[in-house]
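Taking it in order: structure first as structure tokens, then the write-up.
FYI, it's all coordinate maths here, none of it is from the lab. If you're wondering where the values come from, they're calculated on a predicted model, not measured in any experiment. Note that each Cβ is placed from the backbone with ideal geometry, even for glycine, and that neighbours are counted across all protein chains shown.
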Amino acid sequence: MSNKKKQQISRTVLSVMVLFLVISSFTITYILKTNYDMRPSPFDLSVQQWFFSLRNDTLNILVSALTHCGDTVTVIILCAVLIIVPNIRKYGIPVSLSALSGVAVYKPMKHIFMRARPDQTLHLVAQGGYSFPSGHSVTSIIVYGLLIYLIRKYCKNDTVKNALTVICAVLMVLIGPSRIYVGVHWPTDVLCGWLIGLCILIFAILILERREKNENLH
């Protein structure tokens, strides 16, 4: 099979995945709105209680530190470093623009659905605003997921490449659940955040692949 054919198949698969993610996100949102009026579902309550059952003093400190890796300030600093440092500047623009795309999607959704967060007495970290969807979950999937793609593509040192991939993968996967653990989000906030984040991540990768293809033609 030619490389061109493989690329066409890859793009088709990714496009189907985007469609599936969009439909899944709309379905969950529709169920929450029509069946529960954006109140917590039985699924939310049972999963939340399971996470709370894991709490202890040591884990509280570790997970609270982990969840801050998805904070707006943290992501802004990370993007600024990626843009400023010359030899990693190729990472900065795609990651920054993709992160902004995520904000452009989830911020309006928060104000449209106005879902209340879990009670403040359950919070291990300070957090205001609305709950749905989880901005940290959206951003962590986009930023750390795209970094994995770019690191695997451009980093020449295998040891550094693998180490950074593992770090980014851990942050990508665990920041979302950490928001449930620290008591500031319902599980469906995180689930929809993941779906939105994955959708934008795939779009970003498709755009980068298309741009690289066009550059190679010239």
task: Please report how far the C-alpha centroid of the range 30-78 lies from that of the range 158-204, rounded to the nearest whole angstrom.
output: 12 Å
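Determine the gain in length on full extension of the stretch residue 46-residue 76; use 0.36 nm per residue of separation and subtract their C-alpha separation, reporting nm with one decimal.
Stretched fully, the residue 46-residue 76 segment lengthens by 7.4 nm.
Counting Lys and Arg as +1 and Asp and Glu as -1, what is the net charge of the other residues whose Cβ lies under 9 Å from the Cβ of residue 136? Let's see the in-between values first.
Details: positive: 179; negative: 71.
Here the charged neighbours net out to 0.
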- line: Sorted largest first, the Cα spans of the range 1-109 on the principal axes come out in Å as 49, 35, 31
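Quantify how much of the Cα-Cα distance distribution of the range 97-218 extends past 18 Å, in percent.
Within the range 97-218, distances greater than 18 Å cover 56 percent of Cα pairs.
Restricting things to alpha carbons, find the Rg to Rh ratio for the range 44-168 using the Kirkwood radius for Rh.
On the way: Rg = 16.8 Å, Rh = 16.4 Å.
Computed over Cα atoms, the ratio is 1.02.
Work out the length of the dipole vector of the chain about its Cα centre, built from +1 on the beta-carbon of each Lys and Arg and -1 on the beta-carbon of each Asp and Glu, and round it to the nearest 20 debye.
Working: 21 positive and 10 negative charges, 177 e Å.
So the dipole magnitude of the chain works out to roughly 840 debye.
Restricting attention to the range 56-164, which trypsin sites (Lys or Arg not before Pro) occupy a DSSP loop and are surrounded by at most 12 other Cβ atoms within 10 Å? Write down the numbers at each step before the final one.
Details: sites: 89, 90, 110, 115, 152, 153, 156, 161; in loops: 115, 156.
Answer in residue order: 156.
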- request: Can you quote the Å³ per residue value for the convex hull of the Cα atoms in the chain, rounded to an integer?
  value: 146 Å³
Inter-probe distance in nm under a simple model that places probes 7 Å from Cα toward Cβ, at residue 33 and residue 17: 2.7 nm
statement: Filtered hits (aspartates and glutamates, Cα-Cα < 18 Å from residue 5, offset >= 8 within chain) -> 209, 212
query: With r defined as the distance between the Cβ atoms of residue 56 and residue 214 and R0 fixed at 35 Å, what FRET efficiency is calculated, to the nearest 0.05?
result: 0.10
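What pairs from 33/107; 33/110; 161/213 go past 19 Å between their alpha carbons? Could the numbers behind the result be given before it?
Working: 33/107 17 Å; 33/110 13 Å; 161/213 23 Å.
Too far apart for the 19 Å limit: 161/213.
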- prompt: What residue among 143, 182, 22 has the largest mean-square fluctuation in a Gaussian network model of the chain, using Cα springs under 10 Å?
  reply: 22
field: For the range 85-136, convex hull volume per residue from C-alpha positions, Å³
entry: 89 Å³
